[in-house]
Amino acid sequence: MTEFAEARKVAALLAAVAEPTRLRVLWQLAKGPQHVGKLADLVDIKMVNMSHHLGVMRQAGVLEDEKDGRQVIYRLRPDVFIPGTTPDVLGVLTLGSFRVVMRAKPEAPPVSINTKTRRKTAKK
């Protein structure tokens, strides 16, 4: 059984990655380190928004960063991400006692998903 403190830590890690844009960022970083501007282009969001998402994941301990001149390079922490060993697996995220398998796909997950539901009108 997981202790409450461990469960709280894992919940914080899951919360840090459980957002559509952050999942897309993780998918890009699973392929290798990138600087903020390149990630913003790849995910198609403003750089200021990208910086926010990266900060959330860095604070949670999912990412690490390194200065390269004026650029900041982000990568998945080696204790959190293990690269895949088969063509169909991009890698495995280790979030506490949970493992999340990232499947390899030829392109990134979609930018957005329309979650709005249409209200059906009853016919009289």
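The values are calculated or read from the model by the stated rules, or taken from the named source; none is laboratory data. Bear in mind the structure is a predicted one, so any value in this text is a computation, not a measurement. So basically every Cβ, Gly included, is an ideal-geometry build from the backbone, and we count neighbours across all protein chains shown.
At a glance:
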quantity: Test: residue in the range 75-90 that is part of a loop (DSSP other than H, G, I, E, B), modelled with pLDDT of 95 or more and more than 19 Å from Ala12 (Cβ to Cβ); calculated: yes
quantity: Odd one out for Arg58, checked against (1) closer than 19 Å to Ala104 by Cβ; (2) touching an Asp or Glu at 6+ places or on another chain (Cβ under 8 Å); (3) assigned to a helix (DSSP H, G or I); calculated: (1)
quantity: Positions within the range 91-105 being assigned to a loop (DSSP other than H, G, I, E, B), surrounded by 11 or more Cβ atoms within 10 Å (Cβ to Cβ) and in contact with a helix residue (DSSP H, G or I) (Cβ under 8 Å, 6 or more places away or on another chain), in sequence order; calculated: Gly96
quantity: Unique residue being within 20 Å of Glu107 (Cα to Cα) and more than 13 Å from the chain's Cα centre (by Cα) when the list is Gly91, Gly37; calculated: Gly37
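Conditions tested, residue by residue: (1) touching a helix residue (DSSP H, G or I) at 6+ places or on another chain (Cβ under 9 Å); (2) surrounded by 18 or more Cβ atoms within 10 Å (Cβ to Cβ); (3) over 20 Å from Leu90 (Cβ atoms).
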site	(1), (2), (3)
Lys9	no, no, yes
Ala15	yes, no, yes
Glu19	yes, no, no
Val25	yes, yes, no
Leu29	yes, yes, no
Gly32	no, no, no
Lys38	yes, no, no
Met57	yes, yes, no
